[in-house]
Each structure stands twice: as C-alpha cells, then as structure tokens.
Amino acid sequence: MTTYLKTFIALFFLFNNDLCTAQNRSIYIPDGYILFEEYSGDLNNDGLEDCVLVVKNTQEKNIVKNRFGDTVDRNRRGIIVLLRDSEGYNVAVQNLNCFSSENEDGGVYFPPELSLNIENGKLNIAYEHGRYGNWKYIFRYKKSNFELIGYESCENRGTIINSKTSINFLTEKKQLLENIFKNGEDKDEVFKETWKDIDIKKVIMLSEIEDFEKMEMYKY
C-alpha cells in the first residue's frame with residue numbers, strides 16, 4: 001500500500017468519525033425509528049465529542065386525530081447515547097420509548113417541551129412548560145450507563161416563581177425554596193429555604209427509565 005493511499009484512508013476515517021454525521025448516525029437508529037433531534041458534547045471527559053440522538057417511533061397506528069380534529073403523530077420518542085473513541089462511536093445507552101410524543105394532549109395548555117443539552121460533562125434532560133414552570137434531570141456517565149445525580153424544578157404562576165426544588169442524589173440532600181409572597185403580584189419574590197435528607201434506595205439509570213413523565217420526584 002502506498003503512502004498516499006494510507007494517508008487517504010486515514011483522512012477518510014478521521015473525517016467520518018469526527019462528527020456524528022447523517023451518514024454515520026443512521027446506522028445506530030433501529031428500524032422503525034427516525035431521527036428527531038441531535039446533540040453533541042463531551043460526556044465522559046475524554047476530550048472527544050460524543051453524540052446524543054433523540055429518535056421517534058413511526059408506527060402508523062399512532063397517527064391519530066386529536067380533540068380538535070387535526071391529524072397528529074403520537075408516537076413516543078427515545079434516546080440513544082453514542083460515546084466516541086479513536087475508532088468511532090459506540091452505543092452507551094439505548095432507551096427507545098422513554099419520552100412522550102411532542103403532540104401529546106396538554107389539556108388547557110400545550111404539553112411540556114423536551115430539550116437536551118450537554119454541560120460540564122453531564123447530560124441534562126429538561127422540560128419547559130411555559131408559565132407553569134420547568135424541570136430538569138441531570139445525568140452523569142458511570143459504569144457504561146448514565147446515573148441520575150440531580151433534579152431541579154421550578155413551579156411558576158405566570159411570571160411569579162412559587163417554589164424551586166433541587167435534589168442532589170449524590171449527597172442525598174433536597175433543597176426547597178418557597179416564595180413567601182407567591183400570591184402577591186406586586187411584591188418581589190422572597191424565598192424561605194428548607195433542607196432535608198432524602199433516602200436513596202436505588203440508583204436511577206437512564207437506560208431503565210420507562211417514562212420520564214411517570215417519575216415521582218415528589219417522593220424524595
């Protein structure tokens with residue numbers, strides 16, 4: 001093999017492994033699923049950019065009419081986490097149905113909006129619910145899985161924050177901030193802080209979560 005050919009092959013694999021490109025990521029998406037969203041960042045602090053895919057099922061039986069008569073896709077979504085090494089990407093976690101559809105019925109309001117991001121080596125899975133507040137699950141890579149290490153939520157009434165909750169699953173502590181003026185539209189927010197110990201009987205892993213909307217964080 002000539003030096004030129006060796007160089008070409010090395011550059012070819014370097015280019016194709018450098019990013020989670022459309023051509024590369026498709027091989028990690030199971031039949032019957034499509035790519036919904038994609039995120040990238042270093043998840044295991046090795047200096048290489050990893051890839052997180054949000055995928056969506058495509059079963060025709062879940063294409064239905066909503067209560068307004070519109071045709072909507074109620075197929076659930078899932079997550080595939082790809083960790084990169086010198087040879088390419090490897091599947092670290094695959095959980096294909098843990099997120100509800102973006103077209104779920106939100107009742108009197110729209111359903112919460114799912115978003116992900118990678119920050120400081122951690123995977124954040126967040127929900128925004130407009131004037132009602134937001135909540136976030138924080139995962140850290142450990143032993144070939146992603147462990148839930150934190151939870152944060154904010155309960156709002158319009159522009160007023162009623163309360164904030166923060167759970168640290170590593171220290172087994174919970175912080176609660178309650179606005180003592182939550183019914184006062186014309187008063188600045190003043191929070192009463194409360195701490196409590198929590199009992200963690202079982203570590204929560206990303207691969208084992210059946211439905212994020214059924215996670216009962218209030219029990220901690």
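The values are calculated or read from the model by the stated rules, or taken from the named source; none is laboratory data. Bear in mind the structure is a predicted one, so any value in this text is a computation, not a measurement. Because the Cβ atoms are built from the backbone with ideal geometry, glycine has one as well, and the counts that use them run over all protein chains shown.
Of all the criteria given as (1) assigned to a loop (DSSP other than H, G, I, E, B); (2) closer than 30 Å to S101 by Cβ; (3) without any contact (Cβ under 8 Å) to a residue 24 or more places away in the chain, the one not satisfied by K201 is (2).
Within segment 196-220, the set of residues being more than 17 Å from N124 (Cα to Cα) and among the hydroxyl-bearing types (S, T, Y) comprises Y218, Y220. Go through segment 63-101 and give me each residue that's acidic (D, E) and in contact with a strand residue (DSSP E or B) (Cβ under 8 Å, 6 or more places away or on another chain). Hit for segment 63-101 is D73, nothing else.
For beta carbons closer than 7 Å, sequence separation of 6+ or different chains, a first residue in segment 26-49 that is closer than 24 Å to K61 by Cα and a second that is of a type in the set (S, T, Y) and surrounded by fewer than 14 Cβ atoms within 10 Å (Cβ to Cβ), the qualifying pairs are G32/T58; Y33/T58; I34/T58. Consider segment 169-197 and keep the residues that are at pLDDT 95 or above and of a type outside the set (D, E, K, R). The one that is surrounded by the most Cβ atoms within 10 Å (Cβ to Cβ) is F169.
Among the residues that make up segment 203-212, is at least one of them modelled with pLDDT of 95 or more, surrounded by 17 or more Cβ atoms within 10 Å (Cβ to Cβ) and in contact with a helix residue (DSSP H, G or I) (Cβ under 9 Å, 6 or more places away or on another chain)? So far as segment 203-212 goes, no, none of its residues is modelled with pLDDT of 95 or more, surrounded by 17 or more Cβ atoms within 10 Å (Cβ to Cβ) and in contact with a helix residue (DSSP H, G or I) (Cβ under 9 Å, 6 or more places away or on another chain). Scanning segment 159-183 for residues that are part of a loop (DSSP other than H, G, I, E, B) and in contact with a strand residue (DSSP E or B) (Cβ under 8 Å, 6 or more places away or on another chain), which turns out farthest from I198 (Cα to Cα)? Within segment 159-183, the match that is farthest from I198 (Cα to Cα) is K182. Among the strands (runs of 3 or more DSSP E) lying completely within segment 21-135, list those that include at least 1 residues that are under 19 Å from K214 (Cβ atoms). So the answer is 50-57, 77-85, 88-99, 113-119, 122-128. If we scan segment 151-158, do we find a residue that is at pLDDT below 95, surrounded by 11 or more Cβ atoms within 10 Å (Cβ to Cβ) and among the small types (G, A, S)? No, every residue in segment 151-158 fails to be at pLDDT below 95, surrounded by 11 or more Cβ atoms within 10 Å (Cβ to Cβ) and among the small types (G, A, S).
Per-residue answers, yes or no, for (1) buried (at least 17 other Cβ atoms within 10 Å of the Cβ); (2) free of Cβ contacts under 8 Å to residues at least 12 places away in the same chain:
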{"residue": "E102", "(1), (2)": "yes, no"}
{"residue": "F110", "(1), (2)": "no, no"}
{"residue": "N120", "(1), (2)": "no, yes"}
{"residue": "Y127", "(1), (2)": "yes, no"}
{"residue": "R131", "(1), (2)": "no, no"}
{"residue": "K142", "(1), (2)": "no, yes"}
{"residue": "N145", "(1), (2)": "no, no"}
{"residue": "I167", "(1), (2)": "yes, no"}
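Between T171, T159, the distinction of being of a type outside the set (G, A, S) and within 30 Å of D46 (Cβ to Cβ) belongs to T171 only.
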